[in-house]
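What follows is a short report on a single structure.
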């Protein structure tokens with residue numbers, strides 16, 4: 001006998017995504033929209049094999065489909081430059097991916113790190129305090145001399161933050177905190193790598209200030225205020241471009257001529273993993289440039305932009321959540337995931353591609369020999 005409550009939930013989910021019957025039926029692979037219509041009207045059972053199709057098409061866990069968890073989400077997504085279309089669909093897909101992430105953690109009995117940096121509104125009340133916060137965070141996280149190249153690994157591995165790379169088709173990044181899924185940062189995978197580095201640091205500021213800004217201030221808007229966004233940019237700049245390290249690089253290159261060339265500026269930006277423009281504005285804040293207007297002039301100079309474009313073309317690469325991939329491979333090695341399920345989770349069309357996929361990651365599918373360890 002058909003489950004009427006499931007039928008109702010499926011209809012509500014489809015409508016929440018703004019999908020017509022015909023559109024949803026096509027996503028689900030049904031030969032006719034009438035099949036979906038019959039399911040939603042409670043005239044036809046949902047086959048077990050179809051539940052996963054619904055789960056993927058509607059970006060919803062099977063538990064939620066079956067009514068074991070409330071469909072309504074407690075998650076507040078805060079966007080940086082949200083896209084004009086499919087925003088709700090993107091958010092549901094991101095939650096679905098994070099639920100898969102959580103599944104891998106549960107299979108490996110990995111406990112999320114509840115302890116994370118928290119600050120008050122007073123801690124970010126001035127730009128000076130924001131820059132000091134960035135310096136303190138860098139030291140606390142042990143990010144080293146070139147933080148951009150260590151930040152993602154530290155956030156994922158040491159603090160259990162879920163860093164997701166996603167094609168928005170518009171928009172830069174998202175941050176959110178979920179009681180069930182933990183701290184989440186979503187980066188536009190189509191952005192330049194140096195932009196992604198900056199967005200990651202920018203969103204880290206929002207996670208650090210989540211309780212003070214989003215929760216305590218009863219925050220409801222989709223986007224942060226201009227003041228908070230500006231402070232997030234200051235934080236990101238100070239975090240990725242440590243004052244002492246930048247000053248050292250500038251003085252080394254300007255020691256003889258007391259000048260620094262456009263080529264030097266691009267080289268330093270590459271070395272720190274930031275955009276050329278971000279470095280130029282940081283130079284102003286560190287008093288290497290006489291005025292903000294001068295910084296704007298340099299940052300927009302066609303010659304500098306062209307030189308940067310030529311030098312940085314080889315930096316482009318598609319990024320991913322390395323921690324998510326590592327967890328999935330560990331689950332496969334330990335027999336906690338079937339090859340078919342592994343292929344679904346990492347978006348492989350054919351399970352026969354699994355071996356090549358794992359080899360390209362520099363990892364191995366087998367567990368290898370085991371050794372006995374002594375209890376400490």
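The values are calculated or read from the model by the stated rules, or taken from the named source; none is laboratory data. Because the structure is predicted, anything quoted here is derived from the model rather than measured. Virtual Cβ from ideal backbone geometry, glycine too; neighbours counted across all protein chains shown.
Quick rundown of the values:
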item	result
Scan of segment 339-365 for residues that are on the phi < 0 side of the Ramachandran plot and exposed (fewer than 12 other Cβ atoms within 10 Å of the Cβ), ordered by number	340, 349, 350, 352, 356, 359, 360
Residue count, segment 9-19 (criterion: in contact (Cβ under 8 Å) with a residue 12 or more places away in the chain and surrounded by fewer than 17 Cβ atoms within 10 Å (Cβ to Cβ))	3
Evaluation of residue 109 against (1) touching a residue at least 40 places away in the same chain (Cβ under 8 Å); (2) more than 17 Å from residue 203 (Cβ to Cβ) (one fails), failing number	(1)
Qualifying residue in segment 28-50 (condition: modelled with pLDDT under 85, assigned to a helix (DSSP H, G or I), surrounded by 14 or more Cβ atoms within 10 Å (Cβ to Cβ) and within 27 Å of the chain's Cα centre (by Cα))	no
Yes/no for residue 280 being at pLDDT 90 or above, under 16 Å from residue 195 (Cβ atoms) and assigned to a loop (DSSP other than H, G, I, E, B)	no
